[in-house]
Amino acid sequence: MGFLTGAFRITLSIPVLLNLSGCSAQAEADPNETNFPRQLSKADLCAAYQDALPGKMYVRLVNASTKSLYVDGFQISDSSGVLQHSGSGCRQGSCGDLQRPDFHPGCPAIYIAPTVVQLNPGESTVEDWDARLTSEVTLPNECVKASNLPAGPANCQRYARIPSGVYTFHAVASTVISCPVDKFSTCTTCTPRAGGGCTITGIQAEPMSSASTEVTISANGTVSPGAGGIIPIPEVVLTFKD
């Protein structure tokens, strides 16, 4: 199998993404700005490290091949090829978490069986993305309230609105999956998925194919193309072909 880049360009407005969340668009303080700590009071400074409000974007994965495919989300890289979003994993400590006295760092010790989305020929599935990226920052000491943190800087993760720039959306698909060897999993049942296709327990296995497209995000107030309706929702399409 090969891959189709199917590149097209989308122009988004960051304020529009905020409006789609049902909240009014407001300027967001950037914790990484020069002299940022001296620009705000302590209360405002600490509040600025909370997660940014979510936006809304659709990422549609299309199976235009003649075989059933198994897909597992998507990734986003910036213009330098640096991975910005992998769509998986847990945050061991958000910047908001570190401002809570009762916070205990780490991910829950809960087993979650790996799943993929099965797409038959002609099917597609939609991933609902909140248009935010994870940024690594250091929380000022005056904002840290958690008491059981490792020694050293209070590094944390913050969900920030995706800034203007050029990004590549990328996804991979396989024609077969391997089934996890544990007593909790089965690879025989595929559960219908609201966004399209069905979800099945399994892990992608070779051979793999890929699809990617380039997206331009700017702040000029336009959204094109949208998904229709009164307030169009930006949609990125990744298409797999034989």
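Add +1 for every Lys or Arg and -1 for every Asp or Glu among the other residues with Cβ under 9 Å from the Cβ of Ala64, and state the total.
Computed value for this residue: 0.
Could you list Arg161, Arg100, Arg91 so that the one with the fewest beta carbons within 10 Å of its beta carbon is first and the one with the most is last? Numbers along the way, then the final one.
Numbers: Arg161 21, Arg100 11, Arg91 16.
By the 10 Å Cβ count, ascending, the order reads Arg100, Arg91, Arg161.
Two decimals, Cα atoms only, Kirkwood Rh: what is Rg/Rh over region 70-138?
Reported Rg/Rh (Cα atoms, Kirkwood Rh): 1.05.
Give me Tyr111, Tyr70 sorted ascending by neighbouring Cβ count inside 10 Å, so fewest comes first. Don't skip to the answer; put the middle values down first.
On the way: Tyr111 9, Tyr70 23.
Ascending number of Cβ neighbours within 10 Å: Tyr111, Tyr70.
So how do Met57, Met208 line up by other beta-carbon neighbours within 10 Å, fewest first?
Met208, Met57
Please provide three numbers in whole Å: the alpha-carbon extents of region 91-198 along the principal axes, with the largest listed first.
55, 42, 21
Readers should treat all values here as calculations from the given coordinates under stated rules, not as data from a laboratory. What you are looking at is a predicted structure, and each value in this text was computed from that prediction instead of being measured. We place every Cβ from the backbone using ideal geometry, glycine too, and count neighbours over all the protein chains shown.
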